[in-house]
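A.B. asks: Quick one: structure below, then a few questions.
The values are calculated or read from the model by the stated rules, or taken from the named source; none is laboratory data. In this text the structure is predicted, and so the values were computed from the model without any measurement. Ideal geometry is used to build each Cβ from the backbone, glycine not excepted, and the neighbour counts take in all protein chains shown. For the accessible areas, the whole protein counts, side chains as well, though only heavy atoms, and no ligand, DNA or RNA atoms are used. Shrake-Rupley method; radii C 1.70, N 1.55, O 1.52, S 1.80 Å.
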Amino acid sequence: QWWFWVIIAVVLIAIITSFSFNSSTDSTNQNTSQDSNQDTPSSLTNPLPIGESLTTTFGYGQSVTAEYTILEIIRGEKAWNMIKSTNQFNRQPDEGKEYLLAKIKFHLIETSDEKSYTIPYTIFSVFSKEGISYDFQSVVLPKPELLSKELYPGAIYEGWIAYQIPIEETEPRLRVSY
């Protein structure tokens, strides 16, 4: 019967296509894990120094290429005074902790779909030398604030983000979490 051979051909094509797709996906995943193990700037073992820039591509669904630079870090009493003067209802840091403010320059180079990109609070993380992460703080930030800004490809924007860290933390590190 002719229809039997059509069904066999369709099944074979589906199997061959599936095998080809899985093979290319596996090699892509292997390359990604090899790249993530390298000691590149903004990694846990090699944080980006203040004043230096890093260009990276990241994203889920929408791929984003951006360059960011840590312009300034302020912590302790000075950071608390900036946060408190921004909004009287901002709360004091927890017992044994202090605020860390980071001023970041964010250059949106391109997006995969050529649409705008809104900077989420989850893009950056602050952690200790030992790899312990610290929480992003939901406070009214000093102006200009970096997060939730909608940018289009080519835009450059500078703004503040805030975290709480232990007062005794001597080497806080900031990285892009992509």
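A.B. asks: Checking the condition assigned to a loop (DSSP other than H, G, I, E, B) and charged (D, E, K, R), which residue from E98, E110, E114 passes?
C.D. replies: Working: E98 fails: assigned to a loop (DSSP other than H, G, I, E, B); E110 fails: assigned to a loop (DSSP other than H, G, I, E, B).
From the options E98, E110, E114, the qualifying one is E114.
A.B. asks: Now for a separate question. For the range 90-111, give me each residue that is open to solvent by less than 60 Å² (accessible area, probe 1.4 Å) and in contact with a helix residue (DSSP H, G or I) (Cβ under 8 Å, 6 or more places away or on another chain). Working first, answer last.
C.D. replies: Of the residues in the range 90-111, the ones open to solvent by less than 60 Å² (accessible area, probe 1.4 Å) are 90, 93, 96, 98-104, 106-108, 111.
Matches in the range 90-111: N90, P93, E98, Y99, L100, L101.
A.B. asks: While we're looking at this one, here's another question. Anything in the range 118-148 that is in contact (Cβ under 8 Å) with a residue 40 or more places away in the chain and open to solvent by 30 Å² or more (accessible area, probe 1.4 Å)? List them, or say none.
C.D. replies: Across the range 118-148, the qualifying residues are Y121, T122, K129, G131, V140, K143.
A.B. asks: Would you point out the residue of the range 149-165, among those that are touching a Ser or Thr at 6+ places or on another chain (Cβ under 8 Å) and surrounded by fewer than 18 Cβ atoms within 10 Å (Cβ to Cβ), that is modelled with the lowest pLDDT?
C.D. replies: That would be K149.
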